[in-house]
Amino acid sequence: MIDSNVVLTGQAYAYTLYVLAIMLLMGWFGYKVTRKGTDKAFKPIYFYSFVGLLILMGVSLHLLTHYTIPWKPLDLNRAEITPDKVFNISAANHKFIMPEEEIIIKKNDKVLFNVTSADLTYGFGLFRKDNSMLFQMQVLPGHNNDILWQFVNSGVYSIRSTEYSGPKGINMIVKDAVKVLD
């Protein structure tokens, strides 16, 4: 499984180029439509060809990025996957209640985080040391909230709430909560 930072960086470049191409189309179209004179008539075939190219690029881009999402196989084949470890975490009164045992994971293990909420909607996100997010999910009270993840890099991660749950929610951080070892 590829690290999510690599995927997001690649997608940022690809979609930036795509948006620039769309902006080029709009600028070109605006220029052609508003310029004075009839020395060179505007030919719709150029516009529609460019729009067709953008549609082809957009669909290709979506198909390409669809296959680079690292967690997709875990989600699609979840019924056949037995996690190596399961951690039950709960949230209530703007606090995460962690399991008694320390969360230590081996690199490449598939881990299921089962998170419940007793009162409000919270977020459950795992964050790297540089404060970038590895993954996140919503935690709704009265619902099954779990996420299956395979850790490909060793490191120490913090847990944070990623949903607004009132002013007290800003303190929902558990530093160095998850340790992934080689």
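The values are calculated or read from the model by the stated rules, or taken from the named source; none is laboratory data. For clarity, every value in this text was computed on a predicted model and none was experimentally measured. Neighbour counts are summed over all protein chains in view; Cβ atoms, including those assigned to glycine, are modelled from backbone coordinates with ideal geometry.
Quick notes
- Looking at 20, 25, 61, just one residue is touching a Leu at 6+ places or on another chain (Cβ under 8 Å), not charged (D, E, K, R) and not assigned by TED's automatic domain parsing to the domain that holds residue 130, and that residue is 25.
- For the stretch 109-121, residues that are assigned to a loop (DSSP other than H, G, I, E, B) and among the β-branched types (Val, Ile, Thr) total 1.
- Pairs with Cβ under 6 Å, 6+ apart, first in the stretch 107-119 and free of Cβ contacts under 8 Å to residues at least 40 places away in the same chain and under 7 Å from residue 148 (Cα atoms), second aromatic (Phe, Trp, Tyr) and surrounded by fewer than 19 Cβ atoms within 10 Å (Cβ to Cβ): 113/87
- Criterion violated by residue 124 - all others in (1) modelled with pLDDT under 95; (2) outside any loop (DSSP other than H, G, I, E, B) satisfied: (1)
- Checking residue 54 against (1) under 24 Å from the mean Cα position of the chain (by Cα); (2) over 22 Å from residue 158 (Cβ atoms), the condition it does not meet: (1)
- Only one entry in 16, 9, 65 is within 30 Å of residue 125 (Cβ to Cβ), touching a residue at least 24 places away in the same chain (Cβ under 8 Å) and polar (S, T, N, Q), namely 65.
- Candidate set: the stretch 127-157, residues that are assigned to a loop (DSSP other than H, G, I, E, B) and buried (at least 18 other Cβ atoms within 10 Å of the Cβ); chosen: the one modelled with the lowest pLDDT: 151
- Exclusive hit being of a type in the set (Ser, Thr, Tyr) and surrounded by 10 or more Cβ atoms within 10 Å (Cβ to Cβ), set 65, 82: 65
- Filter pass, residue 74 being within 14 Å of the chain's Cα centre (by Cα) and either of a type in the set (D, E, K, R) or closer than 25 Å to residue 154 by Cα (or both): no
- Test result for residue 5, modelled with pLDDT of 90 or more and either surrounded by 15 or more Cβ atoms within 10 Å (Cβ to Cβ) or within 24 Å of the chain's Cα centre (by Cα) (or both): no
- Residue selected from the stretch 143-176 under the condition under 26 Å from residue 73 (Cα atoms) and among the hydrophobic types (A, V, I, L, M, F, W, C), by the criterion farthest from the chain's Cα centre (by Cα): 156
- Residue, farthest from residue 145 (Cα to Cα), within the stretch 158-167, restricted to residues that are surrounded by 12 or more Cβ atoms within 10 Å (Cβ to Cβ) and of a type outside the set (Asp, Glu): 158
- The residue of the stretch 8-31 that is surrounded by the most Cβ atoms within 10 Å (Cβ to Cβ), among those that are among the aromatic types (Phe, Trp, Tyr) and modelled with pLDDT of 85 or more, is 18.
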